[in-house]
Amino acid sequence: MELLLRDMRDVRAFSVTVTAAAVLSNLALQSVLIPSDMLGQIRFPGSVIALALAAPVSFFVGLRLRDIHRLTLDLRQAALHDPLTGAVTRARFYERAAEIGNVPMTLIVADIDHFKAFNDRFGHLAGDTALRQVATTLIRNCRREDVVARFGGEEFLILLPGTTLVDGARVAERLCARLRGKPVLIEGEHLPVTASFGVATVESPAAMDAAIAAADDALYAAKRAGRNQVSIAR
């Protein structure tokens, strides 16, 4: 069984429990090992010594267990999220889709327009800034239950549980407009960063790859039509 100490309340409860167990164990051992005529003289000082030893040690161990729990959470967070943008990873995207289950879902694929040219002109640090801002805009303009993932490079996937294709198209139009109206600040200059969007229906988590392919086709249609717009899979 895994022992999870999340905060100082858990640490104190752990310390009290361990200390009480140590004192009671000491009393039990005294009753077994020490003659009855000496037990009255030994019981109180022995309990005090057990308390004095167990309390600080158990508190210290509790603090370390809390730190280990926090480190485990940080490592899990790092494993599930892209370190640059904060969006979830590709693997986590599929996990979340499976967890959501067989409910109506819409998938949006977003790809930053002319990103390679942006990187070539302004440098990779500016490109990283643009990626972070795009991801932040997508995440902040989606619901808590939506899943925003970075699939690689400048491509993001957004899974919208409980939505229809019409709902997904409406969300994609809103996100496209938000990016259009939020240029990236690079060395004092506001640089426009837009994205193209493809929208498709997700039949089921098992059919996610087919939905991604359909949304990708719609995305490329938006690129061919001039970028900075939304296209819906037919």
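The values are calculated or read from the model by the stated rules, or taken from the named source; none is laboratory data. A quick note: this is a predicted structure, and the numbers were derived from the prediction, not measured. All Cβ positions, glycine included, derive from the backbone under ideal geometry; neighbour counts span all protein chains shown.
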Test: Ala130 is farther than 18 Å from Ala169 by Cα, assigned to a helix (DSSP H, G or I), assigned by TED's automatic domain parsing to the domain that holds Asp217 and under 17 Å from the mean Cα position of the chain (by Cα):
no
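Check Ala91, Ala110 and return the single one that is more than 16 Å from Leu160 (Cβ to Cβ) and among the small types (Gly, Ala, Ser). Even if it seems obvious, please write down each step before you answer.
Working: Ala110 fails: more than 16 Å from Leu160 (Cβ to Cβ).
Answer to the selection: Ala91.
Test Val11 against the stated conditions and say whether it is surrounded by 14 or more Cβ atoms within 10 Å (Cβ to Cβ) and either of a type in the set (A, V, I, L, M) or at pLDDT below 80 (or both). Before the answer, list the steps.
Working: surrounded by 14 or more Cβ atoms within 10 Å (Cβ to Cβ): yes; either of a type in the set (A, V, I, L, M) or at pLDDT below 80 (or both): yes.
Judged against the criteria, Val11 is a match.
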Could you list, in sequence order, the residues of segment 193-206 that are surrounded by 14 or more Cβ atoms within 10 Å (Cβ to Cβ) and either touching a Leu at 6+ places or on another chain (Cβ under 9 Å) or assigned to a helix (DSSP H, G or I) (or both)?
Val193, Thr194, Ala195, Ser196, Phe197, Gly198, Val199, Ala200, Thr201, Val202, Pro205
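Could you tell me which of the residues Leu185, Leu138 is closer than 20 Å to Phe118 by Cβ, of a type outside the set (Asp, Glu) and touching a Leu at 6+ places or on another chain (Cβ under 7 Å)? Write out each step before concluding.
Values: Leu185 fails: touching a Leu at 6+ places or on another chain (Cβ under 7 Å).
Sole residue among the options that is closer than 20 Å to Phe118 by Cβ, of a type outside the set (Asp, Glu) and touching a Leu at 6+ places or on another chain (Cβ under 7 Å): Leu138.
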Qualifying positions in segment 153-181 - within 20 Å of Pro205 (Cα to Cα) and either at pLDDT below 95 or not in a strand (DSSP E or B) (or both):
Gly162, Thr163, Thr164, Leu165, Val166, Asp167, Gly168, Ala169
Give me the residue from segment 150-164 that is surrounded by 17 or more Cβ atoms within 10 Å (Cβ to Cβ) and in contact (Cβ under 8 Å) with a residue 60 or more places away in the chain and, out of that set, nearest to Ile112 (Cα to Cα).
Phe156
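Is it the case, given these coordinates, that Asp120 is assigned by TED's automatic domain parsing to the domain that holds Ala195, within 14 Å of Phe197 (Cα to Cα) and out of contact with any helix residue (DSSP H, G or I) (no Cβ under 7 Å at 6 or more places or on another chain)? Break it down stepwise before answering.
Numbers: assigned by TED's automatic domain parsing to the domain that holds Ala195: yes; within 14 Å of Phe197 (Cα to Cα): no; out of contact with any helix residue (DSSP H, G or I) (no Cβ under 7 Å at 6 or more places or on another chain): yes.
Spelling it out, it is not the case that Asp120 is assigned by TED's automatic domain parsing to the domain that holds Ala195, within 14 Å of Phe197 (Cα to Cα) and out of contact with any helix residue (DSSP H, G or I) (no Cβ under 7 Å at 6 or more places or on another chain).
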